[in-house]
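The structure appears right after this line, and notes come after that.
The values are calculated or read from the model by the stated rules, or taken from the named source; none is laboratory data. The structure presented is a predicted model; accordingly, all values stated were derived computationally and were not measured. Here the Cβ is made from the backbone with ideal geometry for all residues, glycine too, and neighbour counts use every protein chain on show. Just the protein is used for accessible areas: all its heavy atoms, side chains included, with ligands, DNA and RNA removed. Shrake-Rupley method; radii C 1.70, N 1.55, O 1.52, S 1.80 Å.
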Amino acid sequence: MKRRIFIDTDTASDDAVALLMAFEHFESSLVGIGVVAGNVPLQQGVQNAMFVRDLVNMLTPVYAGASEPIARPLETAQNVHGQDGMGDIGLPIGQNFANQGHAVDALIDAADRYSGSLELVTLGPLTNIALAISEKPEIVHQIKRCFIMGGTSDNIGNVTPFSEFNMWVDPEAADIVFRSCLRKVMIGWDISRKYAVINDEEAQILRSLGTEKARVAVDSQKVLRQFCEQETGIDGFDLPDPIAMSVVFSDEAVIRSIASSVRISLEDGSKRGMTIIDHRDNADHEKTTVIVLECNRQYFMDKLIQSLR
Ligand code: BDR
Ligand code: CA
């Protein structure tokens, strides 16, 4: 049966690579892209998503969604991805109109149309998804699975010592999504740190594929590369959203996972947005989340190269 995929993204440099992979792999199975504020303000994210879509000559609709988190002011990651979110390398990112309609309504419509088969992939804060669940609670039964890039399974964060960016930006939204009985697959930042770091030599190899896609994919990580060197000590840059996308492609991407229940810390301070995983067998909550613990780096690299060729 043909898969039906809807992606929700706060499009910046690593989201852009994940989108390139999705366009290549899913083609017309990709039914829509919703954008949410996160890495960059909403309108910048919309323009970035449309830039990537146009780069590969696709017509997938791009919808603008929430411009701020449910209960907190937006704090972007422009220090990580650049002012334009795409590494500030002067890409000709336009000022285009997104498709008509709100991303939340587009997701609700897609879930109706492909009820039971729609698969959702989230690459940003969960604001749009939480709003969709609040507006139409049955959506959690219509969506077959939701792949979530976010959180950490080892509690080593990239925004605070414990918290990952997507969960940290809108913890109240993440709380709604993780408490719901939506079937979820969580690919945390630990997976990116362990299996999706691209060092300078590998970046050169990717770039030398010689396509425009490959050049954009590598060069747009410029600000991220500096951030990794100065802040996280990562030897190169890491690609959280792209490795999450490889998990969407196939079970082959996953080496080890565990079914569990996840809760989100709503505290302020260093535990804001932290993912709390109950590993006990007798956990009192339903285990609605499969947490990816180990990934297949070779599979990810193969898919990455294939989509940039
Ligand atoms: C996540 O946060 C963003 O900066 C990336 O796009 C990714 O979705 C990693 O923590
Ligand atoms: Ca993202």
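Worth pointing out:
- Taking the charge dipole of segment 4-308 about its Cα centre, with +1 at Lys and Arg Cβ atoms and -1 at Asp and Glu Cβ atoms, the residue from Leu209, Ile176, Gly85 reaching farthest to the positive side is Ile176.
- The listed peptides 218-225, 97-104, ordered by packing as a protection proxy, come out as 218-225, 97-104 (highest mean of other Cβ atoms within 10 Å first).
- Residues with amide H under 5 Å from that of Leu126, placed H, sequence gap 5 or more: Asp170, Ala174
- Reach of Lys287 by Cα under 16 Å, taken over lysines that are not fewer than 8 positions away in the same chain: Lys144, Lys184
- Here the translational diffusion coefficient of segment 4-308 follows from Stokes-Einstein with Rh set to the Kirkwood radius across Cα pairs; for 37 °C and 0.692 mPa s it amounts to 175 µm²/s.
- Between Gly85, Gly94, Gly65, the Gaussian network model of the chain with springs among Cα atoms under 10 angstrom shows the greatest mean-square fluctuation at Gly94.
- Net charge of neighbours whose Cβ lies under 12 Å from the Cβ of Leu91, counting Lys and Arg as +1 and Asp and Glu as -1: -3
- Length gained on full extension, Glu231 to Leu293: 19.9 nm, using 0.36 nm per residue less the C-alpha separation.
- In terms of packing, defined here as the mean over residues of other Cβ atoms within 10 angstrom, the peptides 258-266, 228-236, 34-42, 68-76 line up highest first as 34-42, 258-266, 68-76, 228-236.
- Under-5 Å amide H pairs with Leu118, H placed in peptide plane, nonlocal only: Lys144
- Label-zone membership for segment 97-123, site His141, 7 angstrom Cα→C-beta point, backbone N under 20 Å: 107-120
- Point-charge dipole on Cβ atoms (K/R +1, D/E -1) for the chain, about Cα centre, debye to 20: 680 debye
- Of the solvent-accessible surface of the chain, computed with a 1.4 Å probe and all protein chains present, 47% belongs to carbon and sulfur.
- Label-point separation in nm, Asp251 to Asp302, each point 7 Å along Cα→Cβ: 1.7 nm
- Compared with the alpha-carbon gap, the fully stretched path from Asp105 to Leu59 is longer by 14.7 nm at 0.36 nm per residue.
- In the full protein context, segment 4-308 carries 39 Å² of accessible surface per residue, based on a 1.4 Å probe and ignoring ligands, DNA and RNA.
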